[in-house]
Every structure is written in C-alpha cells, then in structure tokens.
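The values are calculated or read from the model by the stated rules, or taken from the named source; none is laboratory data. Treat the numbers as computed from the prediction; the structure is a model and nothing was measured. Cβ placement follows ideal geometry from the backbone for every residue including glycine, while neighbour counts extend to all protein chains displayed.
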Amino acid sequence: MKKFLLVFSLLFSTLIFGQKFSGLALTPPMGWNSWNKFGCNVNEQIIKEAADAMVGTGMKEAGYEYIVIDDCWQVGRDLEGNIVADSERFPSGMKTLVDYVHSKGLKFGIYSDAGTKTCQKRPGSRGYEFQDARTYASWGVDYVKYDWCNTSTQDARASYTLMRDAIYKAGRPMVFSLCDWGQSKPWLWAKDVGHLWRATDDIMNCWDCSDKWNNAGFTILLDRVAGLYSYSGPGHWNDPDMLEVGNNGLTTSESRAHFSLWCILAAPLMAGNDLSNMYQETLDILTNKEAIAVDQDSLGLQGVKVRDDGDYEVWVKQLADGSRAVVLFNRSDKQANITVTWVELGYPSHVKAEVRDLWQHKNLGKFKRKFSSEVPSHDVVMIKVSL
C-alpha cells in the first residue's frame with residue numbers, strides 16, 4: 001500500500017508540475033554559457049561580468065536572458081550529501097551569485113551530470129537527483145544543463161526522466177537541457193522529458209574541423225541536425241550546441257554564417273564568448289534583432305535545406321506571419337551566385353514577393369519567380385521573403 005501511494009504521489013506531482021512547467025522555452029532559449037570560452041577556469045567574477053555585459057551591451061534587450069555556469073563550479077558534498085560549490089572560486093556562495101544575476105533582470109542556469117561524476121570529474125547527481133534539484137530550487141536556479149559523463153550502464157531515458165521528476169518535485173520551474181550528444185537519439189523520446197536536447201556532439205571553434213570523439217566545427221554539426229526538423233518545436237528543441245561566435249576560430253563572415261544558420265534551425269542561441277571583452281563586429285552579429293526574430297518566431301519550425309548543390313545550399317524557415325526566412329549558404333572558397341525560387345518556398349512562381357536583407361537591414365524590392373544573389377566565400381545572404 002505504501003509503495004502504491006508513493007508511486008501515485010510521484011505520478012500526480014509529475015502531472016501537476018509538468019503542466020505548470022509546460023509553458024517554458026516556447027521559443028528557443030537565449031543566453032550565455034561559460035564553457036566554450038572559460039572551460040574549468042570559471043569563477044564568481046567571470047559570471048558577474050558576463051551578467052553585467054549582457055545588460056550593458058544590449059544583449060538582454062536583444063532577447064538573451066540566461067547566464068549558465070557549466071562544469072567545475074562544484075567540488076564535493078557535505079556530510080548531509082548536499083552539493084558544495086568551490087568556496088575559493090565562489091566565495092560569496094551560489095545563492096548570492098544567483099541573486100546577483102536576478103538583480104540584473106536575468107535568469108540563472110547551472111550544470112550537473114546524470115553520472116556519478118561530471119565530465120571534469122566533479123560530483124555528479126547520480127543518486128542525489130531529488131536532493132540536488134531541491135538545492136537548485138532553493139538557490140533560485142532557472143535552467144539546468146544535464147550532461148552524460150561517467151554514466152556506465154545507465155539508460156538515458158530513465159536517467160533524464162528521473163531528474164525531470166526531481167525538478168518537478170522541487171517545485172521551481174526550471175528549463176531542463178539534456179546533453180547526451182545525441183547518442184540515445186533523444187529527439188525520439190525527450191519531448192516530454194526536457195525542453196531541449198543536444199542532437200550533436202560538442203562544437204569546436206572552427207569551420208569544419210573534427211576530432212576523434214566526433215566533436216566538430218559548426219558546418220559539420222549543421223549537417224548532423226539537418227534531418228531532424230520534424231522533432232523540434234515550441235517547448236522541445238533540437239540543440240546543435242552553443243555558439244562559437246567571438247572566440248576567434250571563425251572569421252567574421254564565418255561567424256555570420258554560423259549565427260544565421262543557427263537562427264534558421266530554431267536552435268537555442270547560447271553565446272559562448274567573453275561578453276565583457278568582444279569586438280564590435282561580434283556584438284553586431286549576436287544582437288542582430290532581425291536574425292534573432294527568425295530564431296524566436298512563434299511558429300517554432302526548424303528550417304529545412306531545400307537545395308544542396310554541393311558547396312551551395314538554400315535553407316528555408318516558414319514564419320508565423322506566412323513569410324519565409326531564407327539563407328543562401330556558400331561553403332566554397334570562392335564567391336558564387338545562389339538562387340532560391342518561389343516554388344522552393346511553397347509560393348506560386350508567378351507572384352511578386354518582397355525581399356528584405358536581414359544583415360543589410362534594408363528592403364531589396366519585389367521579385368517574381370526567384371531571387372538570386374552573389375554570396376561571398378564562407379558566408380551567407382539571409383533574407384525574408386513576404387507576399
């Protein structure tokens with residue numbers, strides 16, 4: 001009888017809190033994560049400076065809201081099993097840091113792992129799921145990134161569902177970000193477990209490099225997530241990993257292409273650079289409100305590749321107002337002319353449509369049947385086509 005009551009209580013709380021939390025991440029989350037730039041060298045001052053910069057640079061105004069601290073903030077557990085932050089790196093304590101981020105009108109995200117240890121060998125949440133979720137809730141955490149290192153024979157779906165239930169039980173709405181690098185094909189099962197899931201391996205700070213662990217540059221990750229468009233939508237997003245814009249491994253044109261394609265994909269936009277020390281061209285890319293509007297469109301469709309002519313591609317995303325966002329993508333080493341036809345957009349070929357350039361921020365006029373543009377090497381032309 002007691003076992004039945006426990007199971008019923010968990011199912012009831014999952015139902016109630018699941019409904020309560022279902023309104024989260026109706027558009028892809030936007031924010032900043034510490035890992036790509038700082039790795040394990042993270043501390044209280046870096047997080048505060050990132051929050052200050054998100055407000056001061058205009059990124060908050062452009063839609064960014066989450067400050068997410070990745071691995072290496074935790075060092076152990078106390079005698080009661082509570083997770084303990086590194087007191088040397090975070091002398092004010094995590095609750096005080098969360099309060100600081102909230103005081104800026106931003107939200108706070110934290111990192112943990114489904115295994116016994118994190119990827120950097122810090123304490124994981126395995127066996128402490130409900131206790132850790134209560135701790136995060138008591139700190140005021142708004143977002144949990146949950147990794148998949150040191151998991152042994154664990155089942156991904158069961159492990160992530162357990163942490164989801166722990167978050168529900170803790171009672172504080174938190175966006176739940178699953179990160180098993182797509183190994184368990186979470187797009188097939190995670191819609192009711194998390195708000196976003198990593199569909200790819202880790203991103204690398206380059207155009208098309210890769211390593212022995214299948215981590216890769218953004219063009220390779222783009223190819224890996226391209227066919228998953230039917231699984232993404234409001235409250236449940238394919239995540240091709242964080243942005244490398246501003247980390248100096250990409251040229252300005254490559255960074256523009258990276259950002260544009262993530263927007264077409266309806267990908268979470270999690271900046272990964274040093275927000276307190278970035279060039280103006282980096283800020284201009286990250287705060288392009290017209291490109292961001294494509295990513296944040298309420299219809300929530302992931303864009304699709306409608307043409308692939310080798311190094312020359314056309315990507316299209318239907319928007320809530322009936323218009324289409326289009327990226328003409330040139331992967332080659334030379335400038336090329338790329339065309340999109342109205343038929344490829346789902347429009348009748350005979351109509352005249354208004355074309356607006358989303359990087360030049362200007363209307364280009366009305367066109368019939370198609371639109372063509374010269375696209376520089378390793379760059380894009382991003383347009384909005386409206387009837």
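Just give me the residues in segment 41-75 being within 22 Å of C179 (Cβ to Cβ) and surrounded by fewer than 15 Cβ atoms within 10 Å (Cβ to Cβ), in sequence order. Passing the criteria: only N41. Scanning segment 203-223 for residues that are surrounded by fewer than 17 Cβ atoms within 10 Å (Cβ to Cβ) and assigned to a helix (DSSP H, G or I) turns up just one, D223. If you filter segment 309-348 down to residues that are surrounded by 12 or more Cβ atoms within 10 Å (Cβ to Cβ) and small (G, A, S), you find that the one that is farthest from I383 (Cα to Cα) is S332. In summary, Y168 fulfils each of the numbered conditions (1) crowded, with 22+ Cβ neighbours inside 10 Å; (2) more than 20 Å from M30 (Cβ to Cβ); (3) free of Cβ contacts under 8 Å to residues at least 60 places away in the same chain with the single exception of condition (3). Answer with yes or no whether Y160 is hydroxyl-bearing (S, T, Y), within 22 Å of A53 (Cα to Cα) and either touching a strand residue (DSSP E or B) at 6+ places or on another chain (Cβ under 8 Å) or in the same structural domain as A51 (by TED's automatic domain parsing) (or both). No: the conditions fail for Y160. Condition test on A137, is it small (G, A, S), out of contact with any Leu (no Cβ under 6 Å at 6 or more places or on another chain), buried (at least 23 other Cβ atoms within 10 Å of the Cβ) and at pLDDT 95 or above? Judged against the criteria, A137 is not a match.
Has segment 287-308 got any residue that is surrounded by fewer than 21 Cβ atoms within 10 Å (Cβ to Cβ), more than 25 Å from L228 (Cβ to Cβ) and not assigned by TED's automatic domain parsing to the domain that holds F259? No, segment 287-308 has no match at all. Show me the helices (runs of 4 or more DSSP H) found entirely inside segment 46-159 where at least 3 residues are over 30 Å from L188 (Cβ atoms) and β-branched (V, I, T). Correct list: 94-103. The number of residues in segment 83-105 being farther than 24 Å from R164 by Cβ and in contact with a helix residue (DSSP H, G or I) (Cβ under 7 Å, 6 or more places away or on another chain) comes to 8.
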